[in-house]
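The numbers here are math on the coordinates, done by the rules we state, and not lab data. Fair warning: this is a prediction, and the values are worked out from it, not measured in the lab. Note that each Cβ is placed from the backbone with ideal geometry, even for glycine, and that neighbours are counted across all protein chains shown.
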Amino acid sequence: MYLKRLEVAGFKSFVSRTSLEFSPGITAIVGPNGSGKSNLVDAVRWAVGEQSAKNLRAGRMEDVIFHGNQERRPVGRAEVTIAVDNNCGSLPLAFTEVAFTRRLFRSGQSEYLLNQASCRLRDFQELLWETGKITVVGQGELDYFLQASPQERRQFLEQAVGLQKYEARRKDTQRKLEETETNLVRLGDVLAEIEQHLSGLEDKVHTAREYRRLQARLEGIEAERAVLAANELAVSLEALNHKYAQAAEKVAAAAARLQAGRTAHLEANQALEASVSRQETRQSAWEKVSREEAQLQARLETCQREILSLERQAEVLAGEQQRTSKRLEAMLREEADSSRQLQAAKQAMREAEETLASLEGRLARAEKERAETATAVPHMQSRLMEMAASLAGKRNEISLQEQAERILRQEVSKLEKEALELAQTRASLEEKRQSLVAEGAQLLQKLGELAAEREELGKQVSTLEAAAAEVEGQYRDRRSEFDQAAAQVQVLRRWQDNYEGYYPGVKAVLAAKDKLGKLDGIVGTVAGLLEVPSEYEVAVEVALGAAAQIIITRTPSEARAAIEYLKSTRAGRATFLPLTVARPRPLPVELLGVLQWPEVIGLAAGLVRVDADYAAVAGYFLGDILVVRGGAVAWKLAGRLKFRVRIVTLDGELISPGGLISGGRQRGGSHLLGRARELRELEAGCTRLEGVLAALRSRLEELRSSREMVGSRMASLEAEVGKLREQERSVEQGRARLEAELEGTAARREVLDFELAQARAEMEEASRNGRELTAAAAGMAAGMAVLQEDLRQAEAAGTRQEEERQALREEANQVKLQREKWQQEIKAAERAMLRRQEEIGVARAELAERKSQLEEISRQAAAAQKLAGELDGQLQALRGAVEAAALSLDEARKEVGRGQEACRHLEAECRQLEAEVGKGQAQVFRLDLERTRLQAEYEHKGREMAERFQLAAAQAREFPVSGRSQEDLARESEGLTTAIRELGEVNLGVLGEYARLDERRDFLRQQQEDLLNAKNSLQRIMDEVTALMARHFSQQFELIAQAFSQVFQRLFRGGRAQLYLNPAGEVLATGVEITVQPPGKKLQSLSLLSGGEKSLTAIALLLAILQVRPTPFCLFDEIDAALDEANVDRFAALLREMAGNNQFILVTHRPGSMEVADLLYGVAMDEPGVSRIYSLRLPEAAAARD
């Protein structure tokens, strides 16, 4: 496996997408300081998941996105892709090439892609970083390793030998173990708290259970009382049903007598029907002759309209013929114009082809010049790369000094920053400690507040339960009222639907109209058309008498149709009044002088409301009836008017013409006139009661909901108290931890002050050496600047030639487009000429067709004129027959009028019988209303048992009763109620709370046992992982120590080095020490070595680790900067040997390192802030020079 490709876009100085191809072996990346070489190292480190902006030499992570310069704007994202060759299958993926991509947007959003598929950062780390598949060593990191403490060196070696996954597992296990111990402590506290709370609830639980026992007994007593009351209602209802059946039988007998009495009236009606039949025959004859006359008149008018239409069509066709001729002439002119335009387009196309041939010749010459310039630029770039390599070698020593100074500056900056951070940390810790003290006081205060709130919520529960009981009682009372009103509405609707109170014949006619859809001409009964105020209902109904049941029709023929229907169905008899014959009765002259009397209310017709279409009906029946307030006034007026006017009082006394007097008082019942009003009033009352019931239900639900909310709040209070006590313990632990940290920061500050003074002295010495070396390298840069200027001019010439070539191409393309345009226009003109020739042919055909149509219309007009003359003669002959039929129809109508007068006399004789039937029906109504009331009360009692005691009707019948009386049960109920009241305030919510706490106690005990088992299991896992880590580290450390000794001797040409653990003992807790003895020197510690010896020692350890644990590819950033030429050569030779097992990518300035490279990349910054890549394969370049 090796690194195959690196793609960078928008990352630091690499703004444009840049791709670097790699192969197995060694690749060197060279270039001047500040050109962006280390940015490539940062790109690889960032791509494989680096999360620290500091390790990427950035203040924050968004700083890695290109931030722009004077000529370029900032970009919106950074993207880096590293592609790895996986033909060997080292990565556990079924791909021969694996691409790792990381993106970062300025919004802070990040993306990780594996072969362009989204994945997690952890997937990257598991595949590469944490499994040792890649090694990245940045500038100064080797020196940091040597200067690190023994414990820090051991941590570095743990990563090198692959202990990361074991360490991660051990840390995860340790974290879980600590969390388990914390949970055990918290569980113990919670259990103790629950035990204490349960002991305090026992008395309240005993009271609540006693309350429930008494309440259950009370509900049983009340249920038995309700069952007994329902049984009593059932007995009363059965007796009332028997009375109702007897009364209904009497009404049926009276109705039969009424039917026999109306037989005579039927015979008179039959005679009338014969007269009506003759009238209808003559009416039909007259209508037939009239229709024939109308038909002839219509045919004559149709014929005349047809003649006018034909004349208009002839005019239209003549106009169209003229327009078609003009359009034909215009099309012939357009055809000639199109021919001329076609010739002009062909000439323009020939000119465009000649221009195109000239441009193509010029374009060929421009491309030849561009090729010559493109050949010269690579030669100049090659020379520039060679000079850059030479200049890098000369600047090597300067870089060593600069690097040393930079490291020292970084160390000073690091120490100063750490000192500042330490001071800030100490201030922050002190502030946090004070904050925790204040937080502890607040928690104690809040615990007291929650205890008071919990006591208040208990009182609210009792109040809400009492309010709910009161609302429930109000709901039952209103429900009873509603059931009674609904029962009355039901009875009145049934009477209205069944036409109760009407004669059988009237019922049959109304049912045929409303239910069967027959007898469309029926308007309704007199009682149904009149709307009477409630105070006049009795007076108007007495005044109407049996006339209230007269049926109003629109015409006499519709009245006859209704009579025929009664005959055919044998449904009874009825009286009808057609609207066409109804006339208001004239006002008697005698009434003019008495209408102004104070006790006279007015004429009955003026006291009722009726639709304007039916006003004649009110005048017909009530126009001569006087309504007065009392009987004394009625007698006085009757005497003054000599008993010639019908007078009625408000309480129903009636004085008829001739002195006939009727009076008295009806029993309760529903009048025909007041039935609709009574139904409306009852329905309005039901609607009002429904609103009251809905409001009570809503209030009851609110109270129950409030009770549940209060109970829920009490439960949440308990949970909140537990959380607050847990927070209190956490605050105490945090305060103790902060005090320990404050003591540690004081000791660390003393160490920092000493290290800072020593680092500043070393930095001043390194700065002085760097200034002396910088002056020596200035001359070599001048020659390279001249060559860069020549290269820039050559590239500018190439750019101008390319622009000229592009201009010629664009011009040639424009000419081609123009030529294609002329070709399209020629084709379009040719198609237009063909289309126009077709249109000319169509126009000529239209002219011929118009001429033919004009001739046909002339023939049709002549025929229509002839038919109109014949129809006019027939019409004159038919008009005489119509006049004769009209005279015969008038005679038939007079005969019908005489028959109708005879029927009215017979109708009056039947009214007495109708009054008797009305009284019987009133009694039936009263019994039915009482029966319905008892039924509603019985059903209400059933619903009450279902709602209150959950007893269905079948269960109520089988309910076991004790045999005691209602009085005994009431006394026991009162005693139970007193016992419940003596219990005082009862909190039923405590039962649920006690059950929940008891259940939670059992659950927490089980959880405590599970946590103890988990703790033991985690401890075993941690011991096993620790032993495995110690064994693996010991084995790998021995191998690395041996390899380090061998590599050190090779790089130093002798000497010896030792890597050992100090103190010896616990492998994972000890430190790593290094002692070295360069050739010709005594054994000494690392601090006494020179800078070059330290770097060479660190390189020896790095290469020793790679020999023991080879890495497929390694990226080193200027790790050879501090070496002299001889050491560089030995380092490079060793890299060359190890390249068979490792792929090396070096960022370097040293020629010796460049010479062993298989591939050389140069990094330059031609534009401020923007890096550019040049590549050179050294074996191929050497072969080309030879």
For the ranges 341-354, 26-39, 147-160, what's the packing order if you count other beta-carbon atoms within 10 Å of each residue, average per peptide, and put the highest first? 26-39, 147-160, 341-354
About its Cα centre, region 502-669 carries a charge dipole, from +1 on Lys and Arg Cβ atoms and -1 on Asp and Glu Cβ atoms, whose size in debye to the nearest 20 is 560
By count of other Cβ within 10 Å, fewest leading, how are Cys119, Cys88, Cys686, Cys1114 ordered? Cys88, Cys119, Cys686, Cys1114
Taking 196-202, 934-940, 597-603, 1157-1163 and ranking on average Cβ neighbours within 10 Å, highest first, one gets 1157-1163, 934-940, 597-603, 196-202
Just tell me which lysines come within less than 29 Å, Cα to Cα, of Lys851; anything on the same chain fewer than 8 places away is out. Lys326, Lys866
What order do you get for Ser13, Ser705 when you list them from fewest to most C-beta neighbours inside 10 Å? Ser705, Ser13
Eligible aspartates and glutamates near Lys636 by straight Cα distance, threshold 17 Å, same-chain separation 8 or greater: Glu590, Glu599, Asp651, Glu653
Run the reach check for Lys816 against lysines, Cα to Cα strictly under 16 Å, same-chain hits fewer than 8 apart removed. What comes back? Lys346
How many nm is it between the label spots at Val235 and Gln823, if each spot is 7 Å from the Cα in line with the beta carbon? 11.5
Could you tell me what fraction of 2.2 N^0.38 Å the Cα radius of gyration of region 502-669 comes to, as a two-decimal ratio? 1.13
Set Lys4/Lys414; Lys4/Lys171; Lys250/Lys567, cut-off 32 Å on Cα-Cα distance; pairs above it are Lys4/Lys414; Lys4/Lys171
Ranked highest first by average number of other Cβ atoms within 10 Å, how do 293-299, 615-621 line up? 615-621, 293-299
Unit-weight point scatterers at every alpha-carbon of region 595-664, Debye formula, q = 0.13, 0.17 1/Å: log10 I(q)/I(0) is -0.36, -0.59
Length released on extending from Tyr1060 to Leu529, taking residue separation times 0.36 nm less the Cα-Cα span: 179.0 nm
Taking loop as defined by DSSP and a crowding limit of 12 other beta carbons within 10 Å, which trypsin sites (Lys or Arg not before Pro) in region 533-580 fit? Arg570
May I ask you to derive the FRET efficiency for Gln215 and Gln1019 from their Cβ-Cβ distance with R0 = 51 Å, giving the value to the nearest 0.05? 0.40
Using the beta-carbon distance between Glu1137 and Asn115 and R0 = 30 Å, what value does 1/(1 + (r/R0)^6) give for FRET efficiency, to the nearest 0.05? 0.30
